[in-house]
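The values are calculated or read from the model by the stated rules, or taken from the named source; none is laboratory data. The structure presented is a predicted model; accordingly, all values stated were derived computationally and were not measured. Neighbour counts are summed over all protein chains in view; Cβ atoms, including those assigned to glycine, are modelled from backbone coordinates with ideal geometry. Please note that ligands, DNA and RNA were not included when accessible areas were found on the heavy atoms of the full protein model with its side chains. Shrake-Rupley method; radii C 1.70, N 1.55, O 1.52, S 1.80 Å.
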Amino acid sequence: MTEPSISRPSFCLGTRSSDLALWQTHYVASLLQEAWPGMDVVVETITTRGDQILDTPLPLIGGKGLFTAELEAALRGNSIDAAVHSLKDLPTESPAELTLGAIPERVNPADALVCRSGLTLGTLPLRATVGTSSRRRAAQLLSARPDLTIIDIRDNVPTRIRKALDPNGPYDAVVLAYAGLQRLERLDVISQELPLELMLPAPGQGALAVQCRAEAGSLDLLAPLDHAPTRTGTTAERAFLAGLGGGCAVPIAAYAQFEGEEIRLQGRVAALDGSRQIDVEGRALAAEARELGGRLAGEALALGAARLLEEAA
């Protein structure tokens with residue numbers, strides 16, 4: 001490993017200010033310090049548009065980069081050296097001068113049900129209210145349980161947990177990413193880890209993205225943090241998303257996993273009301289991950305995914 005080719009005395013990581021975002025960024029900082037002993041890593045918090053608007057459902061706010069645009073602007077303006085994102089929040093189209101310097105090893109990509117009564121999705125009462133701000137989650141919940149009432153829920157993870165457990169609150173349960181609960185050491189509140197065949201995750205869910213300027217110094221520094229299998233799998237998932245022209249506000253799900261020397265990619269596009277799901281699946285060598293995602297997106301479109309996405313727009 002070569003020495004990092006930088007002259008600055010410290011490396012600055014930009015992040016959102018939520019508990020989870022700060023945990024993720026300090027984790028990346030620890031990986032950097034482990035790879036480069038003695039490095040001084042500074043963390044700078046930046047407020048994004050998605051953090052400012054908490055009283056409106058995410059799909060109604062619109063636009064790509066809801067949780068990332070301000071961080072990318074800070075990168076382009078050289079006020080930070082890298083930005084730490086949840087990969088699922090990062091648009092598939094990256095500005096030409098920016099790149100993904102590292103994707104660390106992924107954790108459990110599943111979604112989890114948090115229910116104050118300890119019930120599972122199958123044992124929730126008829127017409128139970130479930131909180132989620134994700135159209136992907138809502139569509140798949142309704143596919144499994146058409147009787148459910150889906151209510152939007154925003155705010156940070158600890159607040160959503162508190163709302164889910166409030167005996168006087170409007171939610172019988174909420175759905176959150178398992179990874180976020182694991183990172184914040186709140187696995188105790190999970191009443192059910194939702195199986196992947198029922199709730200396929202968002203592309204990139206469970207993985208972090210360390211975005212930087214496309215310059216040798218930053219890329220050399222971040223290279224030791226990159227986990228090749230995670231990058232390969234999430235590349236396939238994000239290629240599926242890109243091939244469908246979707247973002248985080250549409251009901252698109254994908255998950256890739258290694259089986260021997262191949263990766264198996266599962267993709268799903270769902271109707272908002274859960275009445276229809278289009279599932280596609282394929283395998284390819286790791287080097288063909290991006291092509292696999294694009295091919296399955298084409299298959300989904302041929303099966304009618306465009307109509308479902310238009311209805312969700």
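Restricting to the stretch 277-313, name every residue that is in a strand (DSSP E or B) and not β-branched (Val, Ile, Thr).
Let us first name the residues in the stretch 277-313 that are in a strand (DSSP E or B), namely 277-285.
Residues satisfying the conditions are Gln277, Asp279, Glu281, Gly282, Arg283, Ala284, Leu285.
Among the residues of the stretch 54-90, how many are outside any helix (DSSP H, G or I), surrounded by fewer than 19 Cβ atoms within 10 Å (Cβ to Cβ) and either modelled with pLDDT of 90 or more or charged (D, E, K, R) (or both)?
5
Restricting attention to the stretch 156-170, and to residues there that are open to solvent by 30 Å² or more (accessible area, probe 1.4 Å) and touching a residue at least 12 places away in the same chain (Cβ under 8 Å), which single residue is nearest to the chain's Cα centre (by Cα)?
Only one residue fits best here, namely Asn156.
Sort through Gly217, Gly245, Gly274 and tell me the only one that's surrounded by fewer than 17 Cβ atoms within 10 Å (Cβ to Cβ) and part of a loop (DSSP other than H, G, I, E, B). Spell out how you get there, then give the answer.
Details: Gly217 fails: part of a loop (DSSP other than H, G, I, E, B); Gly274 fails: surrounded by fewer than 17 Cβ atoms within 10 Å (Cβ to Cβ).
After applying the criteria, what remains is Gly245.
I need every pair where a residue in the stretch 1-29 that is basic (Lys, Arg) has its Cβ under 8 Å from the Cβ of a residue that is crowded, with 23+ Cβ neighbours inside 10 Å and at pLDDT 95 or above, sequence separation at least 6 or different chains.
Going by the 8 Å Cβ cut-off, the qualifying pairs are Arg8/Asp81.
For the stretch 146-178, what are the residues that are under 19 Å from Ala312 (Cα atoms) and modelled with pLDDT of 95 or more?
Passing the criteria: Pro146, Leu148, Thr149, Ile150, Ile151.
Restricting to the stretch 15-53, and then to whatever is assigned to a helix (DSSP H, G or I) and at pLDDT below 80, can you tell me which residue is surrounded by the most Cβ atoms within 10 Å (Cβ to Cβ)?
Quick first cut of the stretch 15-53, residues assigned to a helix (DSSP H, G or I) only: 19-35, 49-52.
Checking the rest, the ones that are also at pLDDT below 80 come to 49-52.
Working: Arg49: 14, Gly50: 20, Asp51: 18, Gln52: 9.
The selected residue is Gly50.
Looking at the stretch 92-101, which of its residues are at pLDDT 90 or above and either buried (at least 23 other Cβ atoms within 10 Å of the Cβ) or not hydroxyl-bearing (Ser, Thr, Tyr) (or both)?
Glu97, Leu98, Leu100, Gly101
Output the residues belonging to the stretch 120-139 that are open to solvent by less than 50 Å² (accessible area, probe 1.4 Å) and over 20 Å from Gly180 (Cα atoms).
Once the filter is applied, which keeps residues that are open to solvent by less than 50 Å² (accessible area, probe 1.4 Å) and over 20 Å from Gly180 (Cα atoms), the stretch 120-139 yields Leu124, Ala128, Thr129, Ala139.
Could you list, in sequence order, all residues of the stretch 220-237 that are open to solvent by 10 Å² or more (accessible area, probe 1.4 Å), closer than 17 Å to Glu105 by Cβ and among the charged types (D, E, K, R)?
Answer for the stretch 220-237, where residues must be open to solvent by 10 Å² or more (accessible area, probe 1.4 Å), closer than 17 Å to Glu105 by Cβ and among the charged types (D, E, K, R): Asp226, Arg231.
With the condition kept exactly as written, say whether any residue in the stretch 192-205 is surrounded by 19 or more Cβ atoms within 10 Å (Cβ to Cβ) and on the phi > 0 side of the Ramachandran plot.
yes
So in the stretch 140-155, with the set limited to residues that are outside any loop (DSSP other than H, G, I, E, B) and β-branched (Val, Ile, Thr), which one is surrounded by the most Cβ atoms within 10 Å (Cβ to Cβ)?
Going through the qualifying residues, I end up with Ile150.
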